[in-house]
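Taking it in order: structure first as structure tokens, then the write-up.
The values are calculated or read from the model by the stated rules, or taken from the named source; none is laboratory data. In this text, all values refer to a predicted model and were calculated from it rather than measured experimentally. Cβ placement follows ideal geometry from the backbone for every residue including glycine, while neighbour counts extend to all protein chains displayed.
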């Protein structure tokens, strides 16, 4: 843990802080982002972290003890700072921030309107491609339920084939009235476009408009004596009417609004959202927010709303909340800009909107209770898994802390390794560690694993008076040592395991159990034993080991990509004459990436510390 005394480096940084709005980024000793904050005056806000800890909240005090470096980005207004803060929190998922659970992209429904025969499908990536996106949805389950409903109500094509109109016969979807068969030219482009328009209106919550258009089409078909088509539209109208009837009537007044409820338990909170369009509640969802300990409801709600609407594709005119969020005027301004017209955030005191907020609060509490029950059930499975590992691997105790290691490189370039930690069977991301390989040249997994084991267990200061091969003599830990694991898992076979075990013996930590997990057949190898241990395919123990292995692999791959990207950035700037390490660092600190440097104007480049206009023009020329 870092000292609370302020280093000379940070003192100089504090002295240079501007009295302007901006965002500040705190980093720990490993360079990881641990907190992102906004400020109306950077000079005052950032300095507050480095004063006396006596009056600080426990969470702030813990953050302060881990800050080893910080940087900041100056913006024009507090509103811009709010938006940038939300973006950086979603990108970095800092441990001390209030953040939406999971660093995955939330799912959306996408309609590719650029295609002459559009489909409706699920995506997690939003692009500026002229398509319509609806979401975000909290889970794959909720977005699939909506997709299934839309497919039952509207006959759009779900196939991915190229539409030529020359197929000899339509597929089954046509005969069960789930598609109007553009593949066989049974419909025109205008008729298919009308179906897609109906889907868009329905997803926007405009069911009444869809019903009105369908009834007109049904009457027109009947007048043309196209009774089969009229009957098909009649069935579609009835299905849609039943769907609308099941949607709860939320308000007596027709308007578009999102209603939020909030419930908290420990370090997590649940936010429930009701989507009201017209007079009906057309949908609902709930999201889990982490890192809320010690934070007021107003701050929790503000951070959620910023992160939610930062990626939402639609902002209603009215947002109804259970508590007034922090920085409400700035948030309204930001959301109004995204919507293109005025947005109001309202805290109702009475009436039907207050009733809906209370209902949302109750649903948030119920969702949190259900999740707790699931967690308890999962905890029972986790205990089973840990107990099974203890028995199958002949461990002296239940492995409460398990560390798993994996290497990543491409033909020996940018080699890195990862260490992930599970405590009581659950990930502990704040204890994950990343290693750049320093002494190994080329793709040598055995030597790489040995180096990483030496570097990791050098943090355990051993005092062994007897024979160092005596496993009964326990090591003692230095003040800054990481916690000792109860089990070490190496992602690899006998070779990687042997290299790791040898390194651990050299450092006197051979009393810690270590095993290797071979990928092909999920075999577990133990040092000194020829035959692997095969866990039952459906066992909780195997599932836990697989989750550890997959998490270590994901963490290593992510770090490897970052290292490669950084190397690419450095090589691009290194090719510019007159740009040395200091000027390169100044550019990256100011513009973030080579792309940022490339897009900057000559005037912006020239204003960078250590640059002249002539040098700025040279940078633009080379990039």
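List of remarks:
- Filtered residues of segment 597-613 (kept if out of contact with any helix residue (DSSP H, G or I) (no Cβ under 7 Å at 6 or more places or on another chain) and either loosely packed, with under 12 Cβ neighbours inside 10 Å or not in a helix (DSSP H, G or I) (or both)): 599, 601, 603, 607
- For segment 47-74, filtered to residues that are at pLDDT below 85 and part of a loop (DSSP other than H, G, I, E, B), the residue that is nearest to residue 604 (Cα to Cα) is 51.
- Filter result for residue 369 (at pLDDT 85 or above, surrounded by fewer than 18 Cβ atoms within 10 Å (Cβ to Cβ) and out of contact with any strand residue (DSSP E or B) (no Cβ under 8 Å at 6 or more places or on another chain)): no
- Which listed residue, of 275, 227, is modelled with pLDDT of 75 or more, surrounded by fewer than 19 Cβ atoms within 10 Å (Cβ to Cβ) and in contact with a helix residue (DSSP H, G or I) (Cβ under 9 Å, 6 or more places away or on another chain): 227
- Filter result for the condition that a residue is out of contact with any strand residue (DSSP E or B) (no Cβ under 9 Å at 6 or more places or on another chain), modelled with pLDDT of 90 or more, surrounded by fewer than 21 Cβ atoms within 10 Å (Cβ to Cβ) and in a helix (DSSP H, G or I), over 383, 352, 387, 358: 387
- Subset of segment 75-122 (residues that are within 14 Å of residue 37 (Cβ to Cβ) and in a strand (DSSP E or B)): 99
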